[in-house]
Amino acid sequence: MQSRTNKIILILFLLTLISCSRKKEEENPIKYFEFSYDDTFGSSFTLVYKPKDSLYIRQHWSASEVFDSLKIPKGKTNYSAKINSSDEQSLVKLISELKLRKLKNEYFEDYSDGRTYAVFIDKDSIKKLISVHSHNAPKELDSLARWIYKFKQKLKLTKTKKEPKLKSAKYVLPPPPPPPIEKKQNGI
């Protein structure tokens, strides 16, 4: 009889654990998140987050390379990184606080230099791309951008060959340089 009771308790315990883990998975409303960042004198990168996957970072360029060619991250390089559960909860909370339906697609002020960022979010069956080059963006967007910038600096990056398809990077990367001017023959 004691053995049978123990088995029932064990089965109930296991069912509770499974139920809790499923509930935790269902609580994350984010299917896909991408953040691209560029500041004139520091760095340009894109971070991709998908639940139950590693983070992927594309470092487009980094000012530190000018002074230290051994420093990571290097420009034009893809990296992966693990996100711990505490940081993941913070990221999900910041993203979840965004009222996507109320946010505009673009916050723009005409000034040179400074920082620019773009986010692409697939959350709660809403897909939205938001680009920001403004000192007057909503506070929740700026808070998310600051958090991600600081968070990226503490990540342990591992170089990877995986190349995620980026949706937001084109909004922060500078345009390609113009083609070289060809000198004409005959001294003209």
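The values are calculated or read from the model by the stated rules, or taken from the named source; none is laboratory data. The structure displayed is predicted, hence computed values, not measured ones. Cβ atoms come from the backbone with ideal geometry, glycine included; neighbour counts cover every protein chain shown. When the accessible area is computed, the model is the full protein with side chains, heavy atoms only, and any ligands, DNA or RNA have been set aside. Shrake-Rupley method; radii C 1.70, N 1.55, O 1.52, S 1.80 Å.
Tabulated data
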item: Residue list for the stretch 81-116, filter: farther than 19 Å from residue 31 by Cβ, at pLDDT below 95 and among the hydroxyl-bearing types (Ser, Thr, Tyr); result: 111, 112, 116
item: Every residue from the stretch 30-69 that is under 19 Å from residue 90 (Cα atoms) and open to solvent by less than 10 Å² (accessible area, probe 1.4 Å); result: 30, 33, 34, 35, 36, 46, 47, 48, 49, 55, 57
item: Condition met for residue 143 (out of contact with any strand residue (DSSP E or B) (no Cβ under 7 Å at 6 or more places or on another chain) and open to solvent by 10 Å² or more (accessible area, probe 1.4 Å)); result: yes
item: Any hit, the stretch 160-174, residues being surrounded by fewer than 18 Cβ atoms within 10 Å (Cβ to Cβ) and among the small types (Gly, Ala, Ser); result: no
item: First in the stretch 104-126 and under 14 Å from residue 142 (Cβ atoms), second anywhere and β-branched (Val, Ile, Thr) and surrounded by 11 or more Cβ atoms within 10 Å (Cβ to Cβ), Cβ under 6 Å, 6 or more apart; result: 107/132; 116/172; 117/132; 118/172; 119/130
item: The stretch 121-136 - residue that is under 18 Å from the mean Cα position of the chain (by Cα) and surrounded by fewer than 19 Cβ atoms within 10 Å (Cβ to Cβ) and, of those, modelled with the lowest pLDDT; result: 124
item: Candidate set from the stretch 106-120 (those that are more than 19 Å from residue 46 (Cβ to Cβ) and of a type outside the set (Asp, Glu)); member that is least open to solvent (accessible area, probe 1.4 Å); result: 111
item: Criterion violated by residue 151 - all others in (1) assigned to a strand (DSSP E or B); (2) touching an Asp or Glu at 6+ places or on another chain (Cβ under 7 Å) satisfied; result: (1)
item: Options 91, 103, 98: the member that is part of a helix (DSSP H, G or I) and either in contact with a helix residue (DSSP H, G or I) (Cβ under 9 Å, 6 or more places away or on another chain) or loosely packed, with under 11 Cβ neighbours inside 10 Å (or both); result: 91
item: Residue within the stretch 65-87 that is among the acidic types (Asp, Glu) and touching a residue at least 24 places away in the same chain (Cβ under 8 Å) present; result: yes
